[in-house]
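Heads up: the structure comes next, in structure tokens.
The values are calculated or read from the model by the stated rules, or taken from the named source; none is laboratory data. A quick note: this is a predicted structure, and the numbers were derived from the prediction, not measured. No Cβ is skipped: glycine too gets one built from the backbone with ideal geometry, and neighbour counts run over all protein chains shown. For accessibility, only protein heavy atoms count, side chains too; no ligands or nucleic acids. Shrake-Rupley method; radii C 1.70, N 1.55, O 1.52, S 1.80 Å.
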Amino acid sequence: MKARVLVVDDDAEMAEMLARHLTRDAWTVVTATSGAQAIARLAAEPFDVVLTDVVMDDTGGLVVLREAQRHQPRARVILMTAFGTLESAIAALRDGAADYLTKPFKMAEVDVAISRALDERHLREENRRLREEVGDRYRLDGIPGASPAMKAVLEQVGEVAASEASVLLIGESGTGKELVARAIHWNGPRAPHPFVAVNCAAIPDALLESELFGHEKGAFTGAVQKRRGLVAEAAGGTLFLDEIGEMPVALQAKLLRVLQDRVVRPVGGRDETTIDFRLVSATNRDLPDLVRSGRFREDLYYRLAVIPIRLPSLRERPEDIAALADHFRQRTTAALGKPVEDFDEEAMAWLQQHRWPGNIRELENVVERAVTLARGPRITLADVKTEFSSAMAPGTGPRPTLAELEREYIRRVLEDTKGDKKAAARVLGVSVRTLQRRAE
């Protein structure tokens, strides 16, 4: 579809000359010989780009700019200006104009300006579409969960999303803590701004401070250039610190000061920068127990846990398994383009009886694997049963403890990855350090 360009100039010959030239460039061009006529056009038909003179007898180009923003906020406006009005044109850039051309100009300059404006418009549209897709994914009513336990979580999320309070998400690995953190962000006033996720256990202790706060050139060996930290990247938005219980005690004190004063000093730097952000953190550890043992600062804990939200394990919400499994089936079939319509009764019965030590993450992996392996329109029992399922399926013997199940699950994953701890940690969604500690 051809891009539509509105050319506005009260010099009819100039408007016509521009129209003839731009039409040869395969754009659909409409002309207006007054600001009032341009505004009427903007109210009646769509345009991708508006090319308007600034100084006109009746209604100037700056008024056309404002009316274009009101009627067609996605259209990009380019101003044509003489040197005498250059200052006002530059000011208009701050008000949303895409570009300006200084008279006299060459037609090639017009082509470049319009092409650039169209590229920018396309990029903005693509960003808007992607943001809408992401926002839809994290809508509260789009998160599967009809169980009383999950309904309570979603109610809490809905209540805290609009606030600025720090939130601490507590739950086992794989219970969806990052999903909930993103839902808090996307359903709150900071949604237009960045969401920055940091896994504190996945970054070596020696690098975590510079990753969070940035560093100056030469601050340490390997710091060959200045770098912004992830806290600064989250400015205006939400910083999500996952596995916060793994943060070294020395760094906890520095994080506490950032939370208290909202200022960040990069490693090796002297200047401090004020940064506005919201903090959401998560842990699968017992932080009060870590406080008692001296491995976590009590004052930081209370800063983090202004609003604590506990996420239930999948064992506590078995009534959600069917909906979650079907959600993952639909998402995987859409991604693979594979027509797998549902689960057969045996497959669903197995899913609902399995203990799910890996929680939602494990269920998601099993369903993705089942869709990939399925040979027909329905997922069968053979598709969902993994090689380690029999060890964890319900039986008549004594029930293993959660710790035993976790160790068995880790052992089987390590077998599956042929002892590759990094690969196993990726499958389990934890750091190598966490994997080693839990496998003991």
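Kindly state, to the nearest 0.05, the FRET efficiency for R4 paired with L336, given R0 = 41 Å and r defined as their beta-carbon distance. Efficiency, from the Cβ-Cβ distance: 0.60. Protein heavy-atom surface of the chain, 1.4 angstrom probe: 51% of the accessible area is carbon and sulfur, with nucleic acids and ligands not counted. Loop sites by DSSP among the chymotrypsin sites (Phe, Trp or Tyr not before Pro) of the chain, restricted to those with at most 16 other Cβ atoms within 10 angstrom, leave 221-387 as the longest stretch without any of them.
Mean sequence separation of contacting Cα pairs (under 8 Å, at least six apart), scaled by the length of the stretch 200-281, corresponds to a relative contact order of 38 percent. In straight-distance terms, cross-link reach from K226 covers every one of the lysines whose alpha-carbon lies under 17 Å from its own, apart from those fewer than eight places away in the same chain; here that gives K217. Annotation note: trypsin sites (Lys or Arg not before Pro) in the stretch 177-244 located in DSSP loop regions with a Cβ neighbour count of at most 14 within 10 Å are K217, K226. Straight-line cross-link partners of K106 among the lysines, defined as a Cα under 30 Å from its Cα and at least 8 positions apart when in the same chain: K2. Just tell me which aspartates and glutamates come within less than 14 Å, Cα to Cα, of K385; anything on the same chain fewer than 8 places away is out. Partners found: D344, E345, E346, E362, E364, E368. Calculated mean residue ellipticity at 222 nm for the chain: -14500 deg cm²/dmol, from DSSP H runs with n ≥ 4 weighted as -39500 (n - 2.57), summed, divided by the residue count and rounded to 500.
Across the chain, Cα-Cα pairs more than 34 Å apart make up 52 percent of the total.
Where in the stretch 83-116 are there trypsin sites (Lys or Arg not before Pro) that are in a DSSP coil and have at most 13 other Cβ atoms within 10 angstrom of their Cβ?
Loop-located and lightly packed - K106.
Per residue, how much accessible area does the chain have with a 1.4 Å probe, in Å²?
Accessible area per residue, the chain: 50 Å².
For the chain, relative contact order (Cα pairs under 8 Å, six or more residues apart, normalised by length) works out to 11 percent.
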